[in-house]
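Derivation of every value follows stated rules applied to the coordinates shown; laboratory data play no part. These numbers were taken from a predicted model, which means no experiment stands behind them. Neighbour counts are summed over all protein chains in view; Cβ atoms, including those assigned to glycine, are modelled from backbone coordinates with ideal geometry.
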Amino acid sequence: MIQTGNPGPPCAGLRIGDLAPDFEARSTVGAVRLSAQRGRWLVLFSHPADFTPVCTTEFVALAQNAAAFDARDCGLMALSVDSLFSHFAWLRMIRDTFDVEVRFPIVEDPTLVIGRAYGMVSAEDNDSATVRTTFFIDPKGIIRAMTCYPVNLGRSIPEMLRIIDGLQAVDAQNALAPANWQAGDAMLQPPSHNLDDVFAASDVSGWLLGENGKQS
């Protein structure tokens, strides 16, 4: 587990398929431990700083769509270098200005130990204002997808939900989600690894995309 009381290792360079590093830290809903989230999906994301324009719009949008994540059995957890009291003041401003309460945890990471362990910031960075990174973590604690946006571009909430829908669908159906796939769309079946199946297909792409290119 990441120890938040020491500077920690340099940027870890996590990849899809890695076990998400465990940590325990203070948050706006009390002490949280990442491994305690096992059993459901989790979106863990960094934001450059409290009281910044793009981050404020993201948190308003995420709070407004919290029920959509919950309906997918998916939690939300944010992370930044700001102090717990800065988080509190920012959330009060968001509530009073936009009439929405941010109830998912926002973790404080003043030493950058968590951000560095996740590769959200490099070992040389003194703050987290360079990128906004998102990790999509499955119920077993495995990183299944990642996105990374620059500081001046906000995330797409519909795309975050589409990623969760897609990951859950490919697991449930043992299938593949094609380009521009949306929940409820047809999926592709995994192609055969058998040469006889390739030669036996009725058309040249049947073994790869399904017979006659049809999705199922």
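Side notes on the structure shown:
- For the chain, the antiparallel share of DSSP beta bridges with both residues in that region comes to about 60%.
- Estimated distance in nm for a label pair at ASN180 and ASP96, the labels positioned 7 Å out from Cα along Cα-to-Cβ: 4.6 nm
- Taking HIS193, HIS87, HIS47 and counting other C-beta atoms within 10 Å, the order from fewest to most: HIS193, HIS87, HIS47
- When the helices of the chain are scored as -39500 (n - 2.57) per DSSP H run of n ≥ 4 and the total is divided over every residue, the value at 222 nm lands at -8500 deg cm²/dmol.
- With a simple spin-label model that places each label point 7 Å from the Cα along the Cα-to-Cβ direction, the separation between THR52 and ALA71 comes to 3.1 nm.
- Label positions at LEU208 and PHE88, each projected 7 Å from the Cα along the C-beta direction, are separated by 5.9 nm.
- Extension gain, ARG162-ALA36: 0.36 nm per intervening residue step, less the Cα-Cα distance, totals 42.9 nm.
- Region 48-103: C-alpha gyration tensor shape, a/c 1.5 cut-off, then a/b vs b/c: prolate
- Whether region 24-155 is rounded, prolate or oblate, judged on the alpha carbon gyration tensor where a/c under 1.5 counts as rounded: rounded
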